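The next block holds one structure in the form of structure tokens; read it before the comments.
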Amino acid sequence: MSIPSPIYFAPFQSITTPTFRRVYAKHFGGVDKLYTPYFSGIAVGTKLPAKKLDALKNQFENGIEVIPQILSKDAQEIIWFAKHCEDLGFKELNWNLGCPYPQVANKQRGSGLLLYPDKINEILDIVFQKINLPFSVKCRLGYQTKEELTTLIPVFNNYPIHEITIHARTGKQLYGGQTDWDSFSEISKQLLHPIAYNGDVFTPKDFAAIQAQMPNINRWMLGRGILYNPFLPSQIKGYQLPENPTEKLRMFLDDLYFEYRKDKNDNLAILNTLKEYWSYLIHIFDDPNKVFRKLKKCKTFNDYEDAVHAVFHAHDIVFK
Ligand SMILES: Cc1cc2nc3c(=O)[nH]c(=O)nc-3n(C[C@H](O)[C@H](O)[C@H](O)COP(=O)(O)O)c2cc1C
């Protein structure tokens, strides 16, 4: 039997929190790396504040490596953060060149920086003189057009980047529109680094279709697909699913809820965090809209517990 390709769980700001990563990794198999949502605003020359340190507590979750991510256009900030990560025991740092939101991209950060190959070259040049940790990149095909990443090929090829994950869209597309497999394939063949594919793998069928198109790719970053269906990495790898997946999902959700209450001292704001996760998870149920209607009006912990109970009483999970 062939060894299954590594699967990485993509970062999601305010969803894949430390609590979420810890509880997910305890209940589900198939993921080989977990990424933190991006860190930004690192003050060079000073210690990391408690809140950031708290979000960097665990270097592994149930044996799965956690990779911190930074969003920055400042080489010194990247180097300073890398030093913290190294001291804390992390094994890799990832650079976010993919964030598409205008408030980020307009400041030449995230995918907005892809428009400036000279600036990227300058940052990589400084970073690689100082960094000890393996340094990886998560990017898109470009901000406005896919030609931007083509222009960056010789820049990236000049540095020992640990791995490049490419979301096969431009920043302007945000999270909609078609992924561009042809451009991804073409670019990935010209880059000298290990390349991971990212974008719109929602079902084992999607995975099989993309894999068939890209025989040279053997690393996969999955995002919304895992938020929609936490069993997806196991399904893709052909692992045996639990005998009763509904019961397993319920146990995971209960654990997530109580761990959040513990970690956040019963702060009601966790209901918003959980609702945001549910806005993805509803897709595993037979009637996503009805499920979300039950969840979205919860204002107290009792409301939430009752709503989750009602969802599992009235709805079945359906694998696509
Ligand atoms: C709400 C939200 C938050 C995200 N936060 C991050 C982030 O912090 N860092 C990052 O690199 N990507 C972030 N992403 C992008 C995802 O990691 C992923 O690349 C994207 O969803 C495409 O993959 P998918 O089609 O498998 O979901 C975010 C996406 C969404 C929708």
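The values are calculated or read from the model by the stated rules, or taken from the named source; none is laboratory data. Since this is a predicted model, take the numbers as computed values, not measurements. Here Cβ is always computed from backbone atoms with ideal geometry, including for glycine, and neighbour counts include all displayed protein chains.
Tally up the residues in the stretch 297-306 that are surrounded by 12 or more Cβ atoms within 10 Å (Cβ to Cβ) and either over 18 Å from residue 247 (Cβ atoms) or in contact with a Phe, Trp or Tyr (Cβ under 6 Å, 6 or more places away or on another chain) (or both), please. Residues flagged as surrounded by 12 or more Cβ atoms within 10 Å (Cβ to Cβ) and either over 18 Å from residue 247 (Cβ atoms) or in contact with a Phe, Trp or Tyr (Cβ under 6 Å, 6 or more places away or on another chain) (or both) within the stretch 297-306 amount to 5. Only one of the listed residues (129, 76, 144) is touching a residue at least 40 places away in the same chain (Cβ under 8 Å) and of a type outside the set (Ser, Thr, Tyr). That residue is 76. Among residues of the stretch 47-64 being closer than 16 Å to residue 92 by Cα and out of contact with any strand residue (DSSP E or B) (no Cβ under 8 Å at 6 or more places or on another chain), the one that is modelled with the lowest pLDDT is 57. Residues that are of a type in the set (Lys, Arg) and under 24 Å from residue 90 (Cα atoms) were ranked within the stretch 114-158; the one that is farthest from the chain's Cα centre (by Cα) is 130.
Answer yes or no as to whether residue 104 is at pLDDT 95 or above, more than 22 Å from residue 219 (Cα to Cα) and within 14 Å of the ligand (Cβ to nearest atom). Criteria met by residue 104.
Checking 246, 273 one by one, the residue that is surrounded by fewer than 18 Cβ atoms within 10 Å (Cβ to Cβ) and hydroxyl-bearing (Ser, Thr, Tyr) is 246 and no other.
Every condition in (1) more than 16 Å from the ligand (Cβ to nearest atom); (2) assigned to a loop (DSSP other than H, G, I, E, B) holds for residue 22 except the one numbered (2). Within the stretch 87-103, residues that are touching a residue at least 40 places away in the same chain (Cβ under 8 Å) and not assigned by TED's automatic domain parsing to the domain that holds residue 199 reach no partner that is away from the ligand (no atom under 15 Å from the Cβ) and in a strand (DSSP E or B) with beta carbons closer than 7 Å at six or more positions or on different chains. As a summary of the residue check, residue 212 satisfies the conditions (1) crowded, with 17+ Cβ neighbours inside 10 Å; (2) of a type in the set (Gly, Ala, Ser); (3) away from the ligand (no atom under 12 Å from the Cβ) except for the one numbered (1). The criterion of being assigned by TED's automatic domain parsing to the domain that holds residue 122 and within 21 Å of residue 277 (Cβ to Cβ) does not hold for residue 83. Scan the stretch 45-66 for residues that are within 22 Å of residue 110 (Cα to Cα) and either surrounded by fewer than 12 Cβ atoms within 10 Å (Cβ to Cβ) or within 16 Å of the ligand (Cβ to nearest atom) (or both) and the total you get is 4. Annotation: of all residues in the stretch 148-207 being basic (Lys, Arg) and either in contact with a strand residue (DSSP E or B) (Cβ under 9 Å, 6 or more places away or on another chain) or farther than 30 Å from residue 281 by Cβ (or both), the one that is farthest from the ligand (Cβ to nearest atom) is 189. Number of residues in the stretch 79-95 that are closer than 15 Å to residue 36 by Cβ and in contact with a helix residue (DSSP H, G or I) (Cβ under 6 Å, 6 or more places away or on another chain) equals 1.
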